[in-house]
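Read through the structure below, which is laid out as structure tokens, and then see the notes.
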Amino acid sequence: MTRKRVGVLISGRGSNLGALIEAAKAPDYPAEIVLVISNVPGAQGLARAEEAGIPTRTISHKDFTSREAFDAALDGALKEAGVELLCNAGFLRLHTEGFVLRWLNRHLNIHPSLLPAFRGLHTHARVLDEGAKISGGTVHFVRSEMDCGPIVAQAAVPVLAGDTPDSLAARVLAAEHRLYPHALRIVASGAVRVEGEHVVGMTQIRDQPPLFSPPLDEAL
Ligand code: GRF
């Protein structure tokens, strides 16, 4: 099996990165993480990567005078490492149109809501304000507009009475940690592809841990 060479972009804690690192330890996982780039010096996720022996780079957006120049530096580092698939995992910068086009349909992002609902920031507080009863996470291919693009996979969790933004964030995050490895697996293995602006193919794999409530096997 050839494993797809994956780059991960982070800005902070890197718990989703950690989930991807763990998943990629399995011999049958179709992707290996070959580079982690943070735009924030000292981001916690960098230490996780280093512990796992994964090469890291810090490319601070503050060192560049334009977004184009910053994205060109990212692109250069990714190419140098032979990255084939890119995963944003808590990367808090918007990409330029040129960067998005260069990585089109080879570039994933995770967002802590059931897109297209609740794009943008302060997601969990807005979910609670709206009185939504289900929330979750979404992995999608990146497009220029924030939190838009073909949806690869989603994981749902209940919103419970008494939830605060923090308690809901924690429940969604636990679901994200199952979701992102699953989404990267189905993309890297070629089980799914983008057709038009939709992801088609085998988006649901029965032997994966349940992503849905109720579990997928009961829902089918
Ligand atoms: C996650 O909730 C992710 O969905 C969002 O930012 C958060 C990153 O967390 N884009 P971590 O850095 O992976 O711990």
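The values are calculated or read from the model by the stated rules, or taken from the named source; none is laboratory data. Here the structure is a predicted model, which is why all the values come from computation and not from measurement. All Cβ positions, glycine included, derive from the backbone under ideal geometry; neighbour counts span all protein chains shown. Keep in mind that these areas ignore ligands, DNA and RNA; they rest on the heavy atoms of the full protein, side chains included. Shrake-Rupley method; radii C 1.70, N 1.55, O 1.52, S 1.80 Å.
Does region 45-59 contain at least one residue that is touching a strand residue (DSSP E or B) at 6+ places or on another chain (Cβ under 7 Å), acidic (Asp, Glu) and in contact (Cβ under 8 Å) with a residue 12 or more places away in the chain? No, the conditions are met nowhere in region 45-59. Residues in region 89-123 that are in contact with a strand residue (DSSP E or B) (Cβ under 7 Å, 6 or more places away or on another chain), not in a loop (DSSP other than H, G, I, E, B) and not β-branched (Val, Ile, Thr): 107, 108, 109, 111. Reported count of residues in region 59-97, each being of a type in the set (Phe, Trp, Tyr) and either within 16 Å of the ligand (Cβ to nearest atom) or within 20 Å of residue 46 (Cα to Cα) (or both), is 2. Residues that are in a loop (DSSP other than H, G, I, E, B) and among the acidic types (Asp, Glu) were ranked within region 124-150; the one that is nearest to residue 166 (Cα to Cα) is 147.
Residue 18 passes every criterion in (1) crowded, with 20+ Cβ neighbours inside 10 Å; (2) within 16 Å of the ligand (Cβ to nearest atom) apart from (1).
Looking at region 124-134, can you tell me whether even one residue there is out of contact with any helix residue (DSSP H, G or I) (no Cβ under 8 Å at 6 or more places or on another chain), closer than 21 Å to residue 45 by Cβ and open to solvent by less than 30 Å² (accessible area, probe 1.4 Å)? The answer is no; no qualifying residue exists. Of everything in region 22-42, what is within 11 Å of the ligand (Cβ to nearest atom) and open to solvent by 10 Å² or more (accessible area, probe 1.4 Å)? Give them in sequence order. 40, the sole residue that qualifies.
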